[in-house]
1. Checking residue 9 against (1) open to solvent by less than 50 Å² (accessible area, probe 1.4 Å); (2) not in a loop (DSSP other than H, G, I, E, B), which single condition isn't satisfied?
2. I'm told residue 61 meets every condition in (1) modelled with pLDDT under 95; (2) among the hydrophobic types (A, V, I, L, M, F, W, C); (3) at negative phi except one. Can you identify the failing condition by its number?
Amino acid sequence: DALNSFVANAHGAGKRCVLVITGKGSEGKGVLRRLVPLWLKTPPLSGQILAISQARQADGCGGALYVMLRRKRQAG
């Protein structure tokens, strides 16, 4: 629910890129590290997501993701 709200709020505010920090978990096998990319690729989030990539080392490397958001559709 927190991820859905975060992405929906960022998309609604017209943001184009957000940083999602999952952490690496124990021995690099964290539950969030494994599941967050799957959640981002399935509805309801998938309609708002353009691309997902691993963050640079300065931004969290394997424990964070850049999430590129689709442009907000104009009404009318």
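The values are calculated or read from the model by the stated rules, or taken from the named source; none is laboratory data. A quick note: this is a predicted structure, and the numbers were derived from the prediction, not measured. In case anyone asks, the SASA skips ligands and DNA or RNA and just uses the protein heavy atoms, side chains included. Shrake-Rupley method; radii C 1.70, N 1.55, O 1.52, S 1.80 Å.
1. Here residue 9 clears every test but (1).
2. Going through the list (1) modelled with pLDDT under 95; (2) among the hydrophobic types (A, V, I, L, M, F, W, C); (3) at negative phi, residue 61 breaks only (3).
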